[in-house]
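This report concerns only the one structure given below.
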Amino acid sequence: MQQMTIATQPIEGQKPGTSGLRKKTKVFMGPHFLENYVQAIFDGIGGIDGATLVVGGDGRYFNDRAIQVILRMAAANGAAKVIVGKDGILSTPAASHLIRKNKTDGGLILSASHNPGGIDEDFGLKYNGPNGGPAPESVTDKIFARTQTIREYRIMETTDINIGDVGSLSLGGMSIEVVDPVTEYAALMEELFDFGAIRALFAEGFTLRFDAMHAVTGPYATEILENRLGAAKGSVVNATPLPDFGGGHPDPNPIWAHELMTLMMGSDAPDFGAASDGDGDRNMIVGRAAYVTPSDSLAVLTANAHLAPAYRRGLAGVARSMPTSAAADRVADALGIEHFETPTGWKFFGNLLDAGRATLCGEESAGTGSDHVREKDGLWAVLLWLNILAERRLSVAEILAEHWATYGRNYYSRHDYEGVDTDAANGLMDALRAALPDLAGTLVGDLTVDMADEFEYLDPVDGSTSSAQGIRVGFTNGARVVFRLSGTGTEGATLRVYLEHLELDPTQMQRDPQDALSKVIATAEALAGIKARTGRAAPDVIT
Ligand code: G1P
Ligand code: ZN
């Protein structure tokens, strides 16, 4: 075994985004690319001499090779200890929990989330800090700056390290603790939820289908839902994580989880359906013939969380990303708790969670979570739903109907235009920006504009501001449209148009969402000229 310092050159384009650095797998596999980026992380966070880190990933293609490189580089950079999931596997929320529970100096998570995996697909790497959450911009800026100046990296030369068995190893002066990926996470879930009540629900014949989408949550869901809670064997499907996720998009929404959707809308539907994404932080919730939008899910969980042991004393507050519907705000107002509107991206919830201002958080993109970790958590959302159903003994459809009758219904949809010409997308946003000052009070289509701005977030905890976070236009009837360019796409630009209509009339609660939103959709087109500017007749993806 030998410690080496290898000369290298800065590589362009290693700027981490909201979810770390995501690139085509082959880019990460290129000469020195991964090594440069790992060294830039270590340098960017001030060195890792004597540090303890957590390392694990979602098992996608190259996960196994990348973990070997990271372990050897951590040892060469003087780390005291690395806690690594067996076979290099950790779901993102499980990694966040291990970082926190072991009071480590942070961790490296290998994932491109819900993006497809494989040699021709996507790979990703991100650094999470000691609070278990994605690094704030101040840290990712330092990592990026380091990528621009890096001249060398340090690595141990060794044969492969066997991380296929739970136990302790050493590498140079560094110890490696190989942990079962599920154990600690499952123990945390048992603390948060009433497993006895959920077990009783299953014992009475409640049926479930959980689609792990060939991704990381398979082992977690099988252990927790089938082994510990007594869901029938085979309730968890696509439960073996595969390096290419079986060739699919491991993204839990009605488009990519269409098999589950078809089942849930059909005559053989179980009582409850759920899915999770590549790295286990996103979730989809669907009842028998009742799809729950992520925005509604956050609102329902906010209204009912006190039924689960961890939240029995009530919530400090609830936070949602700006494009997420205002359904949760309405519940928060009724409960008399604070609610927050943050920019898109989980990292913006970190300060609110750390400061005890928010207990639950959610994003319209199928992310829901709480202060138990500092990532969104797919299986956690499923278990909170199950705990609520075990207490309420209502169907998902009944819970939704009751919720809308109480708080009103925020009809909601997101229209995505993918791979749009970057100049066209920027032109559309610039034109909207220019029109903003004069919009308030005007009639667009059938709707009167109440407010229009480009969202700027003032973090109530640390006072930092984040500007240009999307254009929002609110209407006097409570409807809203938001225009935003995706920060996670890998080709061209993705325009996201978020549409919302507030319905308070109890006779209008069961409409088709696209129909209920038709005026808002027409108004969005009138405001932005989407068709003309993008050359697209219709959105590529409607969720
Ligand atoms: C998308 C989602 C956003 C989420 C992010 C990372 O980002 O919209 O809510 O936090 O993925 O999972 P976007 O592509 O919109 O920038
Ligand atoms: Zn994810």
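Here, each number is a calculation from the coordinates, and none is a lab measurement. Model, not experiment: these values are computed from the prediction. Don't worry about glycine lacking a Cβ; one is built from the backbone with ideal geometry, like all the others, and counts go over all protein chains shown.
Details
- Given R0 = 60 Å, the distance between the Cβ atoms of Ala80 and Thr448 translates into a calculated FRET efficiency of 0.45.
- Of all aspartates and glutamates in the structure, the ones whose alpha carbon falls short of 20 Å from that of Lys15, not counting any fewer than 8 places away in one chain, are Glu35, Asp43, Glu121, Asp122, Glu137, Asp141, Glu152, Glu491.
- Mean separation of Cα contacts under 8 Å (6+ apart) over length of the chain, as relative contact order %: 13
- Under 5 Å, built H, 5+ apart or other chain: amide partners of His339: Val318
- Charge tally for Ile99 (other residues, Cβ to Cβ under 13 Å; Lys, Arg +1; Asp, Glu -1): +3.
- Nearby lysines by direct alpha-carbon distance to Lys376 (threshold 17 angstrom, same-chain neighbours under 8 apart not counted): Lys101, Lys126, Lys347
- The local environment of Glu204, defined by Cβ-Cβ distances under 12 Å, has a net charge of +1 under the rule Lys, Arg +1 and Asp, Glu -1.
- Here the gap between Ala397 and Val541, fully extended at 0.36 nm per residue and compared with their Cα-Cα distance, gives a gain of 49.4 nm.
- Report note on the peptides 462-469, 101-108: ranked by the mean count of other C-beta atoms within 10 Å, highest first, their order is 101-108, 462-469.
- Descending by average beta-carbon neighbour count within 10 Å, the peptides 34-44, 444-454 line up as 34-44, 444-454, the highest first.
- Karplus-derived HN-Hα couplings along the range 119-135 (A = 6.51, B = -1.76, C = 1.60, θ = phi - 60°), whole Hz, x at Gly and Pro: 5, 9, 10, 10, 9, x, 8, 9, 9, 10, x, x, 7, x, x, x, 4
- Once the mean of 1/r is taken over each pair of separate Cα atoms and inverted, the chain shows a Kirkwood hydrodynamic radius of 23.9 Å.
- Phi angles across the range 82-89 convert, under the Karplus curve 6.51 cos²θ - 1.76 cosθ + 1.60 with θ = phi - 60°, into 3J(HN,Hα) values of 10, 9, 10, x, 3, 6, x, 9 Hz, Gly and Pro given as x.
- Listed by chain and number, the lysines whose C-alpha is less than 19 Å from the C-alpha of Lys531, apart from same-chain residues fewer than 8 away, are Lys519.
- By the helix-only formula, in which each DSSP H run with n ≥ 4 contributes -39500 (n - 2.57) and the sum is divided by residues, the chain has a 222 nm mean residue ellipticity of -9000 deg cm²/dmol.
- Whether the range 386-531 is rounded, prolate or oblate, judged on the alpha carbon gyration tensor where a/c under 1.5 counts as rounded: prolate
- Label sites at Ala334 and Glu204, each approximated as a point 7 angstrom past Cα along Cα to Cβ, lie 2.3 nm apart.
- Packing-based ranking of 361-371, 273-283, 521-531, 407-417 yields 273-283, 361-371, 407-417, 521-531, ordered from highest to lowest mean Cβ neighbour count within 10 Å.
- Here, the range 460-528 has an Rg and a Dmax of 15.3, 44 Å when only alpha carbons are counted.
- Selected from Phe483, Tyr407, Ala145, residue furthest toward positive end of dipole (the chain; charges at beta carbon): Ala145
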